[in-house]
Amino acid sequence: YIDEFRRDPAETEPLIAVDATCGNGHDTLWLAESCDKVYGFDIQESAVSRTAALLEERGLADKVRLFCDNHANMMKYIREETAVIVFNLGYLPSGDKNITTDAKTTLSALSSSLSLLRADGLLCVTMYPGHPAGKTERKAALAWAAQLDKRAYHCVRTDMLNQPDSAPEILFITTK
């Protein structure tokens with residue numbers, strides 16, 4: 001998707017991305033390799049530190065602004081239109097599984113995301129229904145997406161047909 005922005009010769013605006021849940025930094029790194037500027041959020045200092053170390057190791061730290069804050073607060077930090085916003089919900093891999101993203105703050109962050117996305121922007125939400133908080137969050141995110149104005153957004157959900165019911169699902173929302 002990001003490559004489509006790059007292929008358009010008329011594209012002169014910098015590509016701005018958001019990783020709403022940095023975790024171990026892999027999505028943030030990929031976004032930093034693909035975009036001009038990235039904002040990253042996580043509520044856990046250990047996640048922000050891991051992400052910062054990975055970006056520093058790869059020489060991309062100067063392209064990313066990291067915040068140890070809830071993704072629901074992204075509007076406090078971002079004043080630019082963004083091309084891509086990524087959420088990877090649930091808990092920090094190899095972290096405390098009792099610290100998870102929360103349906104209430106995630107819905108707030110998703111709503112904020114729509115106001116930050118530029119025309120033809122992409123919101124990508126990976127949901128993990130394999131734990132109780134994940135089930136609740138998935139249900140809330142899908143209900144929220146289902147009520148979005150079809151004249152303004154395309155909403156698509158993918159799931160893994162040959163995997164257990166706890167396999168991740170991805171929600172894609174594009175702005176028209």
Burial ranking of peptide ranges 138-144, 75-81 (average Cβ count within 10 Å, highest at the top): 138-144, 75-81
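Give me the 1.4 Å probe accessible area per residue for the stretch 19-96, excluding ligands and nucleic acids, in Å². Walk me through the numbers before you get to the answer.
Values: 3480 Å² over 78 residues.
Result: 45 Å² of accessible area for each residue.
Probe radius 1.4 Å, ligands and nucleic acids ignored: give me the carbon and sulfur share of the accessible area of the stretch 10-120 as a rounded percent.
Numbers: 2470 of 5110 Å².
Answer for the stretch 10-120: carbon and sulfur cover 48 percent of the accessible area.
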Protection proxy ranking, peptides 13-24, 61-72, average beta carbon neighbours within 10 Å, highest first: 13-24, 61-72
Per-residue HN-Hα couplings for the stretch 75-81 [Karplus 6.51, -1.76, 1.60; θ = phi - 60°; Hz; x = Gly/Pro]: 5, 5, 10, 10, 10, 10, 5
Karplus 3J(HN,Hα) series, Hz, for the stretch 158-172 with 6.51 cos²θ - 1.76 cosθ + 1.60 (x for Gly, Pro): 10, 9, 9, 5, 9, 10, x, 4, 8, 5, x, 10, 10, 9, 10
Most to least packed among 158-168, 98-108 [average Cβ atoms within 10 Å]: 98-108, 158-168
The chain - convex hull of alpha carbons, volume per residue in Å³: 122 Å³
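The values are calculated or read from the model by the stated rules, or taken from the named source; none is laboratory data. Just so we're clear, the structure is a prediction, and the values are computed from it rather than from any experiment. Counting neighbours? That spans all protein chains shown, and the Cβs are built from the backbone with ideal geometry, glycine included. These accessible areas exclude ligands, DNA and RNA; they are computed on the full protein's heavy atoms, side chains included. Shrake-Rupley method; radii C 1.70, N 1.55, O 1.52, S 1.80 Å.
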